[in-house]
Amino acid sequence: MNRVAAEDRKPTLADDLLIDAEDTSASETKLPSRALLLGAALMLVALNLRPALSSLGPILPEVIRDTGVSAFGASILTTAPVLCLGLSGFLAPRLARRFGTERAIALFLLVLAAGTALRGVAGFPGLLTGSIVAGLGIGVIGVLLPGLVKRDFPAHASLMTGVYTMALCAGAAGAAGLTVPLQAAFDGSWAAALAAWGLPALVAALVWFPLADRSGRGSARPPTLPVFGLWRDPLAWQVTFYMGLQSAVAYMVFGWLAPILRDRGLDPVMAGFVVSCSIMVQIPAALAAPLLATRRPSQSLAAAVLMGSTLAGVLGFFHAPLGSVWIWAVLLGIGQGGNFALALTIIVLRSKDSHVAAYLSGMAQSVGYTLAACGPLGVGLLHDWSGGWQSVGLLFAGVCLVAAAFGIAAGRDRHVLPSRPTS
C-alpha cells in the first residue's frame with residue numbers, strides 16, 4: 001500500500017498494535033506476533049457467542065421436568081435469545097457510532113456474561129430473563145465482529161471469516177458436549193451448569209477491554225454515508241433469507257436435537273456428545289467452504305450441496321437406526337458449518353465494497369436471525385400439537401429445502417445495487 005492510500009484509510013485497532021510494535025522494536029519479525037494479538041482476542045470473543053444458545057438443549061428435559069413448563073414454554077426459552085439476536089442487530093450500528101466498535105463489543109461482552117450467569121437464578125423467570133439478556137449481547141457483538149474482521153484484516157478477510165466461524169462452532173460444540181458433565185459436577189444442578197458458561201464470557205471481556213482502550217487513540221474516524229435502496233433490492237433479500245433459514249435449522253438443532261435423540265433412546269450424555277460431535281465437524285467445514293466456494297464466480301452449487309448435506313443429516317437423525325447416528329452427525333456438521341460460513345462469505349461477495357457489505361451484513365443478520373427465531377418456536381408448537389416428532393421432521397425438511405432455493409439464488413455472480421445520497 002502506498003503512502004497516500006495509507007493516509008486515506010481509516011486507522012484501525014490493528015494499526016495501533018503494529019505501531020506499538022514499530023515503537024518497541026526495529027525487528028520486522030515481531031510485527032506478525034503483535035497483529036496476532038488482535039486476531040486471538042477476536043477468536044476468544046467468538047468462542048463465547050454460542051454457548052448460551054447450545055448449552056440448554058442437552059439438559060432441556062430436566063429443565064422441563066423441574067420447572068413444569070410445557071414443550072411450548074420450553075420453545076420460548078430456545079426462541080427468545082435467537083429473536084433478540086435479530087432485534088439487537090438493528091441497534092448495533094447505532095451503538096458502534098456512539099461508543100466505537102471496540103468499546104461496544106467490550107460493553108456487551110459484560111452484558112453477555114451477566115445474562116448467561118442469570119440463567120442459574122430464580123428458576124424459570126431467571127432462565128428466561130437471562131436468556132434474553134444473553135441474546136441481546138450476542139446479537140450486538142455478532143453484527144459488529146464480522147465488520148471488525150473485514151476492517152482490520154482486509155487482505156485476509158476470507159481466511160479470517162473462516163477462522164471466526166470455526167471459533168463460533170468450537171464454542172457451540174464445547175457447550176453442547178460439556179453441559180451435562182458440568183451438571184453432574186454440580187450435584188445435578190442444571191442451573192449451575194448453565195450459569196457456569198458466563199465465566200468464559202467474563203474472561204473474554206477482561207481480555208478485550210485493554211484492546212478497546214487502544215481504539216480511542218489517534219485521529220477521529222470520519223462518519224460514513226448511509227446506504228439507501230438495499231431493502232428494495234431482490235438480491236439483498238435472497239441473501240437475507242438464505243442467512244435466516246440456514247440459521248433457523250442451526251437453532252432448531254441447538255435447542256431440540258438432543259431431546260429428540262433422548263426420546264429415541266440415547267442417554268443424556270451420549271445425546272449431548274452427538275450434538276457436540278456434529279458441531280465439531282462444522283469447524284473444518286466452516287474453514288474449507290469459503291475457500292472452495294470462491295474458486296467459482298457463482299456459489300449456487302455450493303449452497304445446494306451444503307444444504308443437501310444438512311437435509312440428509314437431519315433425516316438420518318429422525319429415521320435411521322441409532323447405530324448409524326455418527327454418520328448423520330458428520331453430514332449435518334458438514335452442511336451446517338459450510339452453510340454458515342458460506343452465508344457470511346456471500347454477504348461479502350454480493351457487495352461491491354466493504355461499506356455496502358457492512359450494511360448488507362446488518363440487514364441479513366438482523367432480519368435473518370429474527371426469522372431464525374421462528375424455527376425453535378415452530379418445533380415446540382408442533383411437538384405440543386402432535387405429541388411426537390414426525391411433524392417436526394417435516395418442518396426440518398421444509399426449512400432446508402426453502403433455504404436451498406434462496407441459497408441458489410443468493411449465490412449467483414452479481415451484486416446488490418443500493419444507492420447512496422449525493423450529499
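The values are calculated or read from the model by the stated rules, or taken from the named source; none is laboratory data. Everything numeric in this text was worked out from a predicted model, so none of it was measured. No Cβ is skipped: glycine too gets one built from the backbone with ideal geometry, and neighbour counts run over all protein chains shown. Note: areas computed on protein heavy atoms with side chains; ligands, DNA, RNA excluded. Shrake-Rupley method; radii C 1.70, N 1.55, O 1.52, S 1.80 Å.
Here Gln282 fulfils each of the conditions (1) open to solvent by less than 10 Å² (accessible area, probe 1.4 Å); (2) polar (S, T, N, Q); (3) touching a Cys at 6+ places or on another chain (Cβ under 6 Å) apart from (1).
Looking across the stretch 348-381 at every residue that is over 30 Å from Asp152 (Cβ atoms) and surrounded by fewer than 20 Cβ atoms within 10 Å (Cβ to Cβ), the one that is nearest to the chain's Cα centre (by Cα) is identified as Cys374. Criterion first (touching a residue at least 12 places away in the same chain (Cβ under 8 Å) and farther than 24 Å from Tyr359 by Cα) does Arg151 satisfy it? No; evaluated as a whole, the condition is false for this residue.
A search for C-beta distances below 8 Å between a residue of the stretch 68-94 that is over 17 Å from Cys374 (Cβ atoms) and any residue that is acidic (Asp, Glu) and part of a helix (DSSP H, G or I), counting only pairs 6+ apart in sequence or on different chains, returns Ser70/Asp384.
Residues of the stretch 143-164 that are open to solvent by less than 40 Å² (accessible area, probe 1.4 Å), of a type in the set (A, V, I, L, M, F, W, C) and over 22 Å from Phe99 (Cα atoms): Ala157, Met160. The lone criterion from (1) assigned to a helix (DSSP H, G or I); (2) in contact (Cβ under 8 Å) with a residue 24 or more places away in the chain; (3) open to solvent by 40 Å² or more (accessible area, probe 1.4 Å) left unmet by Leu394 is number (2). Regarding the stretch 334-341, can at least one residue be identified that is among the aromatic types (Phe, Trp, Tyr), open to solvent by 20 Å² or more (accessible area, probe 1.4 Å) and either without any contact (Cβ under 8 Å) to a residue 12 or more places away in the chain or over 23 Å from Cys84 (Cα atoms) (or both)? Within the stretch 334-341, none of the residues are among the aromatic types (Phe, Trp, Tyr), open to solvent by 20 Å² or more (accessible area, probe 1.4 Å) and either without any contact (Cβ under 8 Å) to a residue 12 or more places away in the chain or over 23 Å from Cys84 (Cα atoms) (or both). For the stretch 319-365, the tally of residues that are in a helix (DSSP H, G or I), of a type outside the set (A, V, I, L, M, F, W, C), modelled with pLDDT under 85 and more than 30 Å from Ala271 (Cβ to Cβ) stands at 5.
For the stretch 336-356, the set of residues classified as under 15 Å from Arg296 (Cα atoms) and among the basic types (Lys, Arg) consists of Arg350 only.
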